[in-house]
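Some notes on the structure that comes next.
The values are calculated or read from the model by the stated rules, or taken from the named source; none is laboratory data. Computed from a prediction, not measured in an experiment: that's the story for all the values here. Virtual Cβ from ideal backbone geometry, glycine too; neighbours counted across all protein chains shown. These accessible areas exclude ligands, DNA and RNA; they are computed on the full protein's heavy atoms, side chains included. Shrake-Rupley method; radii C 1.70, N 1.55, O 1.52, S 1.80 Å.
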Protein chains: 2
Amino acid sequence: MTEEVKDEVQNEDLQDQPVVEEAEKKVEEAPEKSELELANERAEDFENKYLRAHAEMQNIQRRSNEERQSLQRYRSQDLAKKILPSLDNLERALAVEGISEDVAKGISMVQDSLIQALKEEGVTEVAVEAFDHNLHMAVQTLPADDDHPADTIAQVLQKGYQLHDRLLRPAMVVVYN
Amino acid sequence: MTEEVKDEVQNEDLQDQPVVEEAEKKVEEAPEKSELELANERAEDFENKYLRAHAEMQNIQRRSNEERQSLQRYRSQDLAKKILPSLDNLERALAVEGISEDVAKGISMVQDSLIQALKEEGVTEVAVEAFDHNLHMAVQTLPADDDHPADTIAQVLQKGYQLHDRLLRPAMVVVYN
């Protein structure tokens, strides 16, 4: 943007030249008034440049604030995404039959603490009520019937997660169709 | 900053008023020349304002870039810090005697995948060679002797972690003293 502005300013300088020459021609005819006209033109020119630079400055400031807010809001996105497979593995470990109570307790603790850390950063599980192609991925379908109307989710094969309003990964589901 | 600039501009406007009045007095004495002088002053004034606004704009742009880079570089700081206790717990679980090979394998997998995720985001273990009060916290001391000179680390009770050059938490160590 700074470069753009510089270019703009340079272009204006070039465009100014013919104006100056024209004004100089007038100087020969009525010297005093044209000198004044030139000065007024110069003043107006710099006033416009100033006003434009000022407006541009405010734009830059506004954009920079918006960008900073967005960076802050979604700052945990990359790390959160990379942690999700660990969360899946902990869940799978808990589902294994025959693990001792102690081990299950330990795994649950790690799982809870990871979920809590993610939650504090704005990461939550994707809701799995009615099927929503924006949040869910149907990896398998079952025939719908009276008890299971179309677009009902039959099973969640892998949880989905979102960071605030942004989807980190969709939930993998089996859906009635 | 925009507010500051606005204030500055308003102050200048106020400061301009006496100058204009002075110039108007001169107008009565020598009308033509003073009108030109006024126009020139106005041109100069706006040129200065324009140049200052332009410089200020470049400053804002530079600061905004620096800030964005820093936000990007340390974006994972909060989530990473909150994940460290889970990593400690996994480590402790592996140290428990009598866990089955399968469980140990599962825990190791989760541990490795968390460490890998953190590493990709710039989080690494704090080195524990010689004692460094910037990186280590001595929670216990042992008397130094010929085999164990002062400031040698005897044991790491809890690993420390850093994000790039920034310490997330110090390593808890036992040190010879």
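Okay, here's what the table says:
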item: Ascending list, in nanometres, of distances separating the B:THR124 label from those of the other copies (7 Å, Cα toward Cβ); result: 3.8
item: Gap separating the Cα centres of segment A:115-172 and segment B:110-164, nearest whole Å; result: 41
item: R0 of 51 Å, Cβ-Cβ distance A:LEU167-A:GLU44: FRET efficiency to nearest 0.05; result: 0.45
item: FRET efficiency, A:GLN158 to B:ASP146 (Cβ-Cβ, R0 56 Å, nearest 0.05); result: 0.45
item: Förster radius 51 Å - calculated FRET efficiency between B:GLU125 and B:ASN59 (Cβ-Cβ, nearest 0.05); result: 0.85
item: Residues listed by number, segment B:86-102, amide nitrogen under 14 Å from A:ASP102 label point at 7 Å toward C-beta; result: B:92-101
item: Within segment A:77-176, percent of DSSP bridges classed antiparallel, to nearest 5; result: 65
item: 10 Å Cβ neighbours from other chains, averaged over peptide B:99-106; result: 4
item: Separation in nanometres of the label points that stand 7 Å from Cα toward Cβ, at A:LEU51 and B:LEU71; result: 3.2
item: For peptides B:48-61, A:143-156, B:71-84, sequence by mean Cβ density within 10 Å, most packed first; result: B:71-84, B:48-61, A:143-156
item: Other copies of B:GLU66: label-to-label distances in nm, shortest first, labels 7 Å along the beta-carbon direction; result: 2.5
item: 10 Å Cβ neighbours from other chains, averaged over peptide B:48-57; result: 6
item: Rounded accessible area of B:MET172 (nearest 10 Å², 1.4 Å probe); result: 50
